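Presented below is the structure to which this report refers.
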Amino acid sequence: MFSHTCPIFLHNYITIMAKITYVTHDNQIHTVEVQNGLTVMEGAVQNDIPGIDADCGGGMACATCHVYVKDDWFDKITPKEDGEEDMLDMAFEPKKNSRLSCQIIISDDLDGLTVNIPSKQS
Ligand code: FES
């Protein structure tokens, strides 16, 4: 949780953050804090996490944001919407715990989430 001062109204407001861990294919671990409401993909891009290119900017049209969600977290994230499964079929080595990180929205419930990045996205 961080406190910021609004430059217009000069009052403090609180930004809620969740810790997200990204594990690259070569086992480099990157744990960062991401603002609630952003996606796991946006958290990766903002923090220069290697392997999440997000070529389509979150439009569910590229699968370059493909991640594997740790099993104990898979049921806690919002279910896939139409189209995500189709796009994952085109991703590199999709597995049952595959997700597009641009479709996972950060909330307090996801504080501590760990995702693995496929080797092809290095
Ligand atoms: S950023 Fe393109 S599908 Fe997620």
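Compute a Gaussian network model of the chain, connecting alpha carbons closer than 10 Å, and tell me which residue from T39, T24, T78 fluctuates the most. Result for the chain, Cα springs under 10 Å: T78 fluctuates most.
Taking packing as the residue-averaged number of other Cβ atoms within 10 angstrom, the listed peptides 93-99, 79-85 run from highest to lowest as 93-99, 79-85. Candidates T78, Y68, C56 compared by Cα position along the dipole of the chain: farthest toward the positive end lies Y68, with charges placed on Cβ. Think of each Lys and Arg Cβ as +1 and each Asp and Glu Cβ as -1; about the Cα centre, that makes the dipole of the chain roughly 240 debye. Residue pairs exceeding 19 angstrom between C-alpha atoms, taken from K70/K96; K76/K120; K19/K70: K76/K120. One equal scatterer on each Cα of the chain, no solvent, Debye formula: the resulting log10 I(q)/I(0) at q = 0.12, 0.18, 0.22, 0.23 Å⁻¹ is -0.43, -0.88, -1.26, -1.37. Taking square-rooted eigenvalues a ≥ b ≥ c of the alpha carbon gyration tensor, is segment 54-122 rounded, prolate or oblate, where a/c under 1.5 means rounded and, failing that, a/b exceeding b/c means prolate? Prolate shape, in that a/c is at least 1.5 and a/b is the bigger ratio. Here the contact order of the chain, divided by its residue count and restricted to Cα pairs under 8 Å and six or more residues apart, works out to 34 percent.
Rule-based calculations on the coordinates, nothing more; no lab input. Every value quoted in this text rests on a predicted model; they were computed, and no experiment measured them. Ideal geometry is used to build each Cβ from the backbone, glycine not excepted, and the neighbour counts take in all protein chains shown.
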